[in-house]
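Written out below as structure tokens is the structure these notes cover.
The values are calculated or read from the model by the stated rules, or taken from the named source; none is laboratory data. Because the structure is predicted, anything quoted here is derived from the model rather than measured. Cβ atoms come from the backbone with ideal geometry, glycine included; neighbour counts cover every protein chain shown.
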Amino acid sequence: MLAAGYGMRARIVGIATRRDGARYVVRGFGRTRAGSTAAFIREACARDRAAARGGRLVMIETTTLDIERGEPAVTHVRAALAGGAHVVTANKGPAAFAYSRLMRSAARAHRRFLFEGAVMDGVPVFNLAREALPAVDVTGFRGVVNSTTNYILTAMEQGRAFGDALAEMQARGIAEADASLDVDGWDAAAKTAALANVLLGADITPHDVERVGISEATAPLAVEARAAGRRLKLVVRGARNGRRVVARVAPESLADDDVLARLEGQQNALVLQTDLLEEIAIVQRGGGLAQTAYALLSDLITIARATPPARRSTRRRRSP
């Protein structure tokens, strides 16, 4: 499909995982001597320097979110860019903790740093602002961007227990590996920081985001809001306040006709506030692991479209 639709061929050079360690999967690369994933990335860039020089080497990063410093993802991204590789990541950490620094590193290396999967899976949030809204200034945003908490709030409206709804999200692989990142609002705060950094030019981290999560004690509030014709949602917000950007995550009781109030189960939505087009709403009616994988693929295709094909040798072989 990639070859027929986009003239693109791809091969995996090496893989590093926490469980199985690092290894090369192409003939001729031999065994890795690297002692860490970052060292493996640097080694891979050096061993495949022809692809790196030609802008055809890509590092795809999918480690889990570290809410303290965004590591080791930030170090992985920095190592790949320094080695001449483009970077695609679904991790929120790099954009939430080091967006400005990493974009400067990418610019110096003439490489791309893409992260569409960081917020709302494969829905083109960042691509929309970067590619489809020239001369439009995004002045703020609000949204529901955590599938687990929206599912739990919807379930609690209907009388289900907080713990049961959370356990279902964990069983489906939707909740974060550490579920407290979801229910305590840290996942939403990381996405808020990433959105603020990219769309509003902020330089914040998730720790700068005002944050209130949900718990069993939230259940009566969800039921009361529903009975009053409203909906309780975990809403993220970001806006410019003078020269500062203010960001927060907290449960909000929304009017029933609000686009965010209409979200059910795992659905997400983001509303961009702009100077020329007023509000633009992006609604994700279904999301999951396949959609996150698609985000990685779409970013890879974006890089391939802008990369010239590898030069083939034009020397003729001598006749025997």
For this session: Find the residue count for segment 179-198, including only residues that are within 14 Å of ALA129 (Cβ to Cβ) and among the aliphatic types (A, V, I, L, M).
Result: 4
Exercise. Within the set of pairs 6+ apart or on separate chains, which have a first residue in segment 98-123 that is over 14 Å from GLU61 (Cα atoms), a second that is surrounded by 22 or more Cβ atoms within 10 Å (Cβ to Cβ) and charged (D, E, K, R), and C-beta atoms under 7 Å apart?
Worked result: VAL119/LYS191; GLY122/GLU116
Exercise. Inside segment 275-290, can you point out the residues that are closer than 19 Å to LYS191 by Cα and at pLDDT 90 or above?
Worked result: ILE280, ALA281, ILE282, VAL283, GLN284
Seminar exercise, completed: How many residues of segment 229-276 are assigned to a strand (DSSP E or B) and of a type outside the set (Val, Ile, Thr)? The answer is 24
Exercise. Out of segment 203-222, which residues are surrounded by fewer than 21 Cβ atoms within 10 Å (Cβ to Cβ) and touching a strand residue (DSSP E or B) at 6+ places or on another chain (Cβ under 9 Å)?
Worked result: ASP203, ASP208, GLU210, ARG211, VAL212, THR218, LEU221
Problem set entry | Check on ALA190, small (Gly, Ala, Ser), assigned to a loop (DSSP other than H, G, I, E, B) and surrounded by 15 or more Cβ atoms within 10 Å (Cβ to Cβ) | no
For this session: Please specify each residue of segment 1-25 satisfying the condition of being farther than 24 Å from PRO72 by Cβ and more than 24 Å from the chain's Cα centre (by Cα).
Result: MET1, ALA3, ALA4, GLY5, GLY7, ARG9
For this session: Give me the pairs, please: first residue somewhere in segment 52-79 and on the phi > 0 side of the Ramachandran plot, second residue anywhere and of a type in the set (Gly, Ala, Ser), beta-carbon distance under 7 Å, and either six or more positions apart or on two chains.
Result: GLY70/GLY93; GLY70/ALA96; GLY70/ALA98
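Let's see how each residue does on (1) hydroxyl-bearing (Ser, Thr, Tyr); (2) at pLDDT 95 or above:
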site	(1), (2)
GLY159	no, no
GLY163	no, no
ALA167	no, no
THR192	yes, yes
VAL212	no, yes
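For the condition crowded, with 19+ Cβ neighbours inside 10 Å, on the phi < 0 side of the Ramachandran plot and of a type outside the set (A, V, I, L, M), what is the one hit in ARG231, ARG243?
Result of the check over ARG231, ARG243: ARG231.
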Problem set entry | Hey, ARG230 more than 24 Å from the chain's Cα centre (by Cα) and at pLDDT 95 or above or not | yes
Seminar exercise, completed: Requiring at least 1 residues that are crowded, with 20+ Cβ neighbours inside 10 Å and not assigned by TED's automatic domain parsing to the domain that holds ALA217, the strands (runs of 3 or more DSSP E) wholly within segment 53-170 are 58-61, 86-89
Seminar exercise, completed: In segment 23-52, anything outside any loop (DSSP other than H, G, I, E, B), closer than 20 Å to LEU81 by Cβ and not basic (Lys, Arg) is listed as THR37, ALA38, ALA39, PHE40, ILE41, GLU43, ALA44, CYS45, ALA46, ALA50, ALA51, ALA52
